[in-house]
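To start, the structure under review is shown below, and the notes come after it.
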Amino acid sequence: MPTSLPALAVQIAYPDQSWPCYSVVQNLLKRPFVPAYRVPYRGPRERRICRLADAVALLAERLERLSEVYPYWRRFEPGPYFDLRPEQLQAMVRIERLGATLDVTIHADLLSPAFRTAERYWAQTFCPAYHAASNRQDDSYTIHFFRHTLPAMQRRMQAAREEIAAAGELLFQRGDTTFLASAAAPDERERHLQRLPPGDEDLYLVFNEIPTLTLSRSFDLLQLSPGSTP
């Protein structure tokens, strides 16, 4: 299920690939985030963007410091380290170990209220409505999908795109080096690009402009010792 804006965009563009549809956000929000990661759904736009940027910056900082603290853990516990509850950790953090390499990816788009709104609408409304529609243009489900459901999905995606892009731009303007070092937008887009049909250059260009706050770092475990960095 989609945990980033590029992933959600692919699910919407090719809904036949998704059934049944499950909302990651539904489980993610069973318990609230700690205050440092909470971003208001309403209020002045500048304040919401600033809070989102601050939350992503905190995750980026902890990801950066992982090389320093990892050797001191007898058994690394990412939940307490990133200050995430189990359901949040399951959705947001992917840790893969291959030999002596530790890859850590954080799906920080899930901190965006606008993205969470879009993801839930996709799972709870858009996806069921699409699969209820038929090829008949006069079918009531088909009419409702194109007149109401699809435009509503597009509005929510646009809001998510604007919120995520604004937070990323703010972090760039701040010169946040930890964010810049771990920003993984190209990698996240590439991960989902392979699901697009080959040959459509215009679609590829549009997809490569989708913003994401996804973070990722790779660590050489052989170099992770007290006082050293990868």
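The values are calculated or read from the model by the stated rules, or taken from the named source; none is laboratory data. Remember, predicted model here, so these are calculated numbers, not experimental data. Please note: Cβ atoms are built from the backbone with ideal geometry, for glycine as well, and neighbour counts cover all protein chains shown.
Just to be sure I understand the filter: pairs with C-beta atoms under 6 Å, separated by 6 or more residues or on different chains, first member in the stretch 184-210 and over 22 Å from PHE172 (Cβ atoms), second member at pLDDT 80 or above. Which pairs pass?
HIS192/PRO6; HIS192/ALA7; HIS192/VAL10; ARG195/VAL10
Please determine whether any residue of the stretch 28-39 is touching a residue at least 12 places away in the same chain (Cβ under 8 Å), touching a helix residue (DSSP H, G or I) at 6+ places or on another chain (Cβ under 6 Å), outside any helix (DSSP H, G or I) and more than 21 Å from ALA167 (Cα to Cα).
Yes: the stretch 28-39 contains one or more residues that are touching a residue at least 12 places away in the same chain (Cβ under 8 Å), touching a helix residue (DSSP H, G or I) at 6+ places or on another chain (Cβ under 6 Å), outside any helix (DSSP H, G or I) and more than 21 Å from ALA167 (Cα to Cα).
Condition check: among the acidic types (Asp, Glu), surrounded by fewer than 20 Cβ atoms within 10 Å (Cβ to Cβ) and within 16 Å of SER216 (Cα to Cα). Does GLU61 satisfy that?
It is true that GLU61 is among the acidic types (Asp, Glu), surrounded by fewer than 20 Cβ atoms within 10 Å (Cβ to Cβ) and within 16 Å of SER216 (Cα to Cα).
Please go through (1) modelled with pLDDT under 95; (2) closer than 30 Å to CYS127 by Cβ for LEU66 and return the number of the only condition it doesn't satisfy.
Going through (1) modelled with pLDDT under 95; (2) closer than 30 Å to CYS127 by Cβ one by one, LEU66 breaks only (2).
Among (1) crowded, with 17+ Cβ neighbours inside 10 Å; (2) among the charged types (D, E, K, R); (3) closer than 30 Å to ARG147 by Cβ, where does ARG42 come up short?
Exception for ARG42: condition (1).
Any idea which residue in the stretch 88-102 is surrounded by the fewest Cβ atoms within 10 Å (Cβ to Cβ), counting only those that are touching a helix residue (DSSP H, G or I) at 6+ places or on another chain (Cβ under 7 Å) and under 19 Å from LEU28 (Cβ atoms)?
For the stretch 88-102, the residue satisfying everything is ILE95.
Just one of VAL69, VAL93 is free of Cβ contacts under 8 Å to residues at least 60 places away in the same chain, farther than 30 Å from GLU209 by Cβ and β-branched (Val, Ile, Thr); which is it?
VAL69
Can you tell me which residue within the stretch 11-28, out of those that are at pLDDT below 90 and among the hydrophobic types (A, V, I, L, M, F, W, C), is surrounded by the fewest Cβ atoms within 10 Å (Cβ to Cβ)?
TRP19
Among the residues of the stretch 113-144 satisfying the criterion of being hydroxyl-bearing (Ser, Thr, Tyr) and under 16 Å from MET1 (Cβ atoms), which is nearest to the chain's Cα centre (by Cα)?
Within the stretch 113-144, the match that is nearest to the chain's Cα centre (by Cα) is THR117.
Would you point out the residue of the stretch 172-215, among those that are of a type in the set (Gly, Ala, Ser) and not in a helix (DSSP H, G or I), that is modelled with the lowest pLDDT?
Across the stretch 172-215, the extreme among qualifying residues is GLY199.
Counting just the residues of the stretch 124-175 that are among the small types (Gly, Ala, Ser) and over 19 Å from ALA9 (Cβ atoms), which one comes out surrounded by the most Cβ atoms within 10 Å (Cβ to Cβ)?
ALA133
Restricting to the stretch 71-87, and then to whatever is out of contact with any helix residue (DSSP H, G or I) (no Cβ under 8 Å at 6 or more places or on another chain) and part of a helix (DSSP H, G or I), can you tell me which residue is modelled with the highest pLDDT?
Checking each candidate, the answer is PRO80.
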